[in-house]
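Only one structure is covered here, and it is reproduced in the block below.
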Amino acid sequence: MKLYVIPGTCAVVPHTALEWTGADYELELLDHDSVKSEEYLKINPQGAVPSIVDGDTIITQNIATQVYIDANYPETNIFGGNETPAEKGEFMHWLAFVNADLHKAFAPLFGPDGFIEDEAAQEQLKAKAKEKIAHLLRLPNEQLSKHDYLTGTKTTADIYLYVTLTWAKKFEIDLSKYNNLNDFVKRIEEDKGLTAVLEQQGLEKIGSL
């Protein structure tokens, strides 16, 4: 199995999942130019990460790669080993929230010129995006007042949340009032799988928000 990633992106999530499983995998580090190469576009026509190539099987999209890893290594419970319909629904709620709502909200910060050309308007757009992200993050902050992890058990949803928090720090989003998120960062950075991934991708722990 080969996993394609760009360091610091959401591809940290399936990468950590593979570390949790103890799987024998090969890692390919890409950058924003190489994902647009003719060779890589044959794997993922969207020119994005993560992607998994496993024999003749190609899996793209973050959640899909996680599902594929879980299906191959079900005993490692990367989704928390949820058994009841309610538990499964709760996990999927948080994974979908981070993937579809929170992750998407960062798009104007990563590429404001893709939304609007005027530079002054871009600054306004980025300011609004930061407000939206801070507003969204109140929800996991509230949830983490009840549990150490989003569903009570450490899952890939927690790793995904951590990735978005690293972005929030990069873009200097004020989360000072969210003490539970700060405690969560310290807790999740103790995970051995995540630590190994950060080292492999050449990333540093953020320590705090």
Original post:
Inside region 150-174, can you point out the residues that are of a type in the set (Ser, Thr, Tyr) and not in a helix (DSSP H, G or I)?
Top reply: Thr151, Thr153, Thr155
Original post:
Which condition breaks for Ala71 when tested against (1) in the same structural domain as Leu29 (by TED's automatic domain parsing); (2) farther than 16 Å from Glu28 by Cβ; (3) crowded, with 19+ Cβ neighbours inside 10 Å?
Top reply: (3)
Subject >> Checking Phe115 against (1) among the aromatic types (Phe, Trp, Tyr); (2) surrounded by fewer than 18 Cβ atoms within 10 Å (Cβ to Cβ); (3) closer than 22 Å to Val12 by Cβ; (4) out of contact with any Gly (no Cβ under 9 Å at 6 or more places or on another chain), the condition it does not meet >> reply: (3)
Original post:
For Asp118, are the conditions met, namely being farther than 21 Å from Ile206 by Cβ and more than 18 Å from the chain's Cα centre (by Cα)?
Top reply: yes
Original post:
Do you know which residues across region 117-152 are in contact (Cβ under 8 Å) with a residue 24 or more places away in the chain, among the charged types (D, E, K, R) and closer than 21 Å to Glu90 by Cα?
Top reply: Arg138, Glu142, Asp148
**OP:** Inspect region 164-172 for any residue being acidic (Asp, Glu) and farther than 22 Å from Val49 by Cβ and give the result as yes or no.
**Re:** yes
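The values are calculated or read from the model by the stated rules, or taken from the named source; none is laboratory data. The structure presented is a predicted model; accordingly, all values stated were derived computationally and were not measured. Every residue, glycine among them, receives a Cβ derived from its backbone with ideal geometry; neighbour counts consider all protein chains shown.
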